[in-house]
Amino acid sequence: MAITNVDLGERSYPIFIEPASLNQKDKLAPYIHGNQAMIVTNETIAPLYLDALQAALPFTADVVILPDGEAYKDLEHFNQILTALIEKRHSRKTTLIALGGGVVGDMTGFAAAAYQRGVNFIQVPTTLLSQVDSSVGGKTGVNHPLGKNMIGAFKQPQAVLIDPHVFRTLPERELSAGMAEVIKYGLIYDADFFAWLEANAAKMMALDLDACIYAIQRACEIKAEVVAKDETEQGIRAWLNLGHTFGHAIEAHMGYGQWLHGEAVAAGTMQALDLSKRLGWIDQTVIDRTQALFEICKLPVKPPAMTRDEFLKYMAVDKKVIDGTLRLVLLEQLGKATVTADFSAAQLNATLDETIA
Ligand code: NAD
Ligand code: GLY
């Protein structure tokens, strides 16, 4: 079993990475205090894993089953979790357990931040994307029709339990979407890991367990290191958003759930690399290698048919805009990102015009 620690002083927590851990009796017991807990999951995941998780808990938890999809990551369904907690008379000692992908995890974490000004929560992520990214680091929230993840809070979990066996039921398109975030870590932080992925991404797509565990662990280590340095994204944490400003524009324009988050991030990353090259920071080989890796993972490398103005409209409400200035995460070199406003409108326009399908 691999354990990575997220080092945040008294709010530190472990990430357990272990096949079949979801079924392991009382694995989560040390992180559940008192005699109340609520599992939040969705209608797709509940029939697959809810019984196993319930059986592994020290007592039977209450359950909220949300509809499945990014389109339901909104205030209305967030409120459904709060209503259930109040109706079932949960106290501030309760523990929320997120069983699902990033949508369930982000909403459950936000409910844990808000309910009675904050209760404990545990992440049991069931997609590759949520295992390597969204379950770690404490960003929680919901979408607003005018912008993605616009409403939320920082709220760290008490523990993260990662069981790679859940990939057996995960649609391949979702596995691909998770690979976009895995590849991101190589691009922004670890050129050796990027090279390892070039050699092993195909094995991961074939669900080779050792390859999946190694990649999840390395991704979680990098995420934990970045979050420990900059929990509330004053600096280096923003690197984790490589490709996301472009990607969020794609997701919002197309309608949440049409393009998966990871798919939009892949296409957006190609746009961020194009601009990085225009600034003279990286050469074409980095772009070609990244495109080849995305293609192994069956990810899109070009955005959908959108106009430049459509991109710019959504990019203008990105959370990295400060005082009206758009800042983007770009690559200084393979393995090192930067957050910068040091590009001209003409350079950004050229990237948009060049990369739009
Ligand atoms: P998701 O939660 O929508 O899950 C993808 C799909 O797979 C859903 O239909 C889900 O029901 C299904 N599913 C999940 N696990 C399954 C399994 N084991 N077997 C079969 N089906 C399964 O999507 P996601 O990619 O996990 O997460 C995307 C969300 O995460 C977005 O809302 C994004 O904004 C958010 N996110 C948050 C952070 C963060 O730091 N908090 C980071 C990255 C992404
Ligand atoms: N997924 C970006 C972050 O956690 O900061």
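Odds and ends about this structure:
- Near Lys277, once Lys and Arg are set to +1 and Asp and Glu to -1 for all other residues with Cβ below 12 Å from its Cβ, the sum equals -4.
- Angle in degrees between helix 102-114 and the longest Cα principal axis of the chain, rounded to the nearest 10: 60 degrees
- Global form of segment 268-357, assessed from the alpha-carbon gyration tensor, a/c cut-off 1.5: oblate
- The chain: antiparallel DSSP beta bridges as a percent of all, rounded to 5: 45 percent
- Over the residues of the chain, the helix contribution to mean residue ellipticity at 222 nm works out to -13000 deg cm²/dmol, using -39500 (n - 2.57) for each DSSP H run of at least 4.
- Here the extension length gained between Arg92 and Ala316 equals 76.8 nm, from 0.36 nm per residue of separation less the Cα-Cα distance.
- Rolling a 1.4 Å probe over the protein heavy atoms of the chain, with every protein chain left in place, gives an accessible area that is 50 percent carbon and sulfur.
- Neighbour net charge for Asp74 - beta-carbon separation under 15 angstrom, K R +1, D E -1: -3
- Rounded, prolate or oblate (a/c below 1.5 giving rounded, otherwise prolate when a/b exceeds b/c) for segment 308-357 by Cα gyration tensor: oblate
- Excluding ligands, DNA and RNA, the accessible surface per residue across the chain is 39 Å² with a 1.4 Å probe.
- R0 of 56 Å, Cβ-Cβ distance Glu354-Asn35: FRET efficiency to nearest 0.05: 0.40
- Val329 sits among other residues whose Cβ lies under 12 Å from its own Cβ, and their net charge, with Lys and Arg +1 and Asp and Glu -1, is +3.
- Its convex hull of Cα atoms gives the chain a direction-averaged projected area, equal to a quarter of the hull surface, of 16.0 nm².
- Working note: Cα gyration tensor of segment 1-100, eigenvalues times five, square-rooted, sorted largest first, giving semi-axes of 23, 17, 16 Å.
- Cleavage-rule hits, trypsin sites (Lys or Arg not before Pro), segment 79-184, DSSP coil, Cβ neighbours within 10 Å at most 16: Lys88, Arg89, Arg92, Lys93
- Of the trypsin sites (Lys or Arg not before Pro) in segment 1-65, the ones in a loop by DSSP (not H, G, I, E or B) with at most 16 other beta carbons within 10 Å are Lys25.
- Fraction of beta bridges assigned by DSSP in segment 87-195 that are antiparallel (%, nearest 5): 40 percent
The values are calculated or read from the model by the stated rules, or taken from the named source; none is laboratory data. Bear in mind that the values here come from a model prediction, so they are computed numbers and not experimental data. Cβ coordinates were reconstructed from backbone atoms using ideal geometry, including for glycine residues, and neighbour counts include every protein chain displayed. Areas reflect the complete protein model, heavy atoms only, side chains present, ligands, DNA and RNA absent. Shrake-Rupley method; radii C 1.70, N 1.55, O 1.52, S 1.80 Å.
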